[in-house]
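Read-outs: derived from the displayed coordinates by stated rules, not from any lab. The model shown is predicted, which means the values in this text are computed figures rather than measured ones. Because the Cβ atoms are built from the backbone with ideal geometry, glycine has one as well, and the counts that use them run over all protein chains shown.
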Ligand code: GLU
């Protein structure tokens with residue numbers, strides 16, 4: 001294990017050095033006021049091995065706003081409980097539209113294209129809330145258990161800031177409700193969704209929490225969350241839909257299942273080997289971290305680890 005540990009750390013150090021000039025590029029998400037002040041110069045990257053060994057560089061232990069990265073875990077938790085019925089509420093095709101777009105929903109009768117655009121994530125959170133009675137609580141418990149970090153928590157300022165600017169997400173939820181694709185009252189669903197997005201966690205926390213996808217569905221304690229086939233499904237949807245309207249370019253450059261968030265975090269999975277989480281708040285025009293994508297690009301190029 002010590003040898004494995006030594007084999008990745010120099011790679012991370014080399015990447016941190018190489019992409020130094022990119023941290024600071026891009027702009028933080030400003031449509032959520034609480035995120036607008038993020039320092040784009042921050043950069044952290046962590047790798048977690050299958051056995052939970054984790055190490056990193058830069059600001060890898062600094063909590064940041066996870067935002068849409070959490071969509072991966074709510075999808076996994078809902079799929080684990082509900083199985084294929086979940087796919088009656090949400091599709092699994094790339095949308096080709098911005099993450100918060102309304103247009104596709106109307107001509108596809110209120111069934112969102114995939115679980116990683118906002119409409120799809122709202123539909124998944126709605127299902128998870130129906131199944132657990134507390135979707136965001138179930139998510140927080142899961143992340144704490146998988147990361148081993150009991151201090152991981154919601155950021156109430158971020159949740160409040162999103163609620164203030166939540167008109168578009170509210171519109172998406174009401175629109176789906178009009179098609180019968182939302183079972184909870186919309187205000188309840190929105191509260192759950194904004195709490196989910198507000199969770200603050202570090203690269204180390206998220207790399208560990210995503211380990212079940214590298215272990216083909218097995219949680220940190222050895223119990224099974226997803227079947228091997230379901231873990232493959234989640235990884236496949238991440239690869240095709242996980243990085244906004246740039247999933248093709250991400251697959252081309254990085255070649256791994258990945259999920260990004262507007263807080264500047266990206267999680268990536270090397271099935272059977274490890275997980276990688278990177279964070280830098282400067283976003284490109286598609287909403288992906290500029291330094292984050294570049295760092296993952298370098299990671300797969302240097303190590304040769306990709307799904308292709
Ligand atoms: N909470 C954000 C929203 O709903 C998440 C966006 C994201 O990270 O993609 O707009």
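Report the FRET efficiency, 1/(1 + (r/R0)^6), for residue 286 and residue 236, where r is their Cβ-Cβ distance and R0 is 22 Å, rounded to 0.05.
Rounded to the nearest 0.05, the efficiency is 0.60.
Rounding to the nearest 10 and keeping the result within 0 to 90°, find how far the Cα-based axis of helix 118-132 lies from the longest principal axis of the chain.
Taking the Cα atoms of the chain, the angle to 118-132 is about 80 degrees.
Would you mind calculating the relative contact order of the chain from Cα pairs under 8 angstrom and at least 6 residues apart, reporting the percent as a whole number?
For the chain, the relative contact order is 27 percent.
Quick one: if you take sqrt(5λ) for each eigenvalue of the C-alpha gyration tensor of segment 219-263, what semi-axes come out, biggest first, whole angstrom?
The equivalent ellipsoid of segment 219-263 has semi-axes of 24, 12, 9 Å.
What is the packing order of peptides 276-288, 121-133, 225-237, taking the mean over residues of other C-beta atoms within 10 Å and listing the highest first?
276-288, 121-133, 225-237
Convex hull volume of the Cα atoms in segment 246-298, per residue, in Å³?
62 Å³
Give me the angle, in degrees from 0 to 90, between the Cα long axis of helix 135-147 and the longest principal axis of the Cα atoms of the chain, rounded to the nearest 10.
10 degrees
Using only Cα atoms, find the angle between the long axis of helix 228-241 and the longest principal axis of the chain, and express it within 0 to 90 degrees, rounded to the nearest 10.
90 degrees
At q = 0.30 Å⁻¹, work out log10 I(q)/I(0) for segment 84-137 with the Debye formula, treating every Cα as an identical point scatterer and leaving solvent out; two decimals please.
Here log10 of I(q) over I(0) equals -1.17.
Using a ≥ b ≥ c from the Cα gyration tensor of segment 30-112 (square roots of the eigenvalues), is it rounded, prolate or oblate, where a/c under 1.5 gives rounded and otherwise the larger of a/b and b/c decides, a/b for prolate?
Cα axes put segment 30-112 in the oblate bin.
Mind grabbing the base-10 log of I(q)/I(0) for the chain at q = 0.08, 0.13 Å⁻¹? Debye formula, identical points on the C-alpha positions, no solvent, two decimal places.
Debye curve over Cα of the chain, log10 I(q)/I(0) at q = 0.08, 0.13 Å⁻¹: -0.30, -0.83.
Could you calculate the FRET efficiency of residue 17 with residue 153 from 1/(1 + (r/R0)^6), where r is the beta carbon distance between them and R0 is 41 Å, rounded to 0.05?
After rounding, the FRET efficiency stands at 0.80.
Classify segment 146-219: rounded, prolate or oblate, from the alpha-carbon gyration tensor (a ≥ b ≥ c, eigenvalue square roots; a/c under 1.5 rounded; otherwise prolate if a/b is larger than b/c)?
Oblate shape, in that a/c is at least 1.5 and b/c is the bigger or equal ratio.
Give me the Kirkwood hydrodynamic radius of segment 132-278 in Å, from all C-alpha pairs, to one decimal place?
16.5 Å is the Kirkwood radius here.
When the chain is fully extended, how far beyond the present Cα-Cα distance does residue 307 get from residue 227, taking 0.36 nm per residue of separation?
In short, 26.9 nm is gained.
Based solely on its DSSP helices, what 222 nm [θ] is calculated for the chain when runs of n ≥ 4 H residues each add -39,500 (n - 2.57) and the sum is averaged over all residues, nearest 500 deg cm²/dmol?
Mean residue ellipticity, 222 nm, calculated: -14000 deg cm²/dmol.
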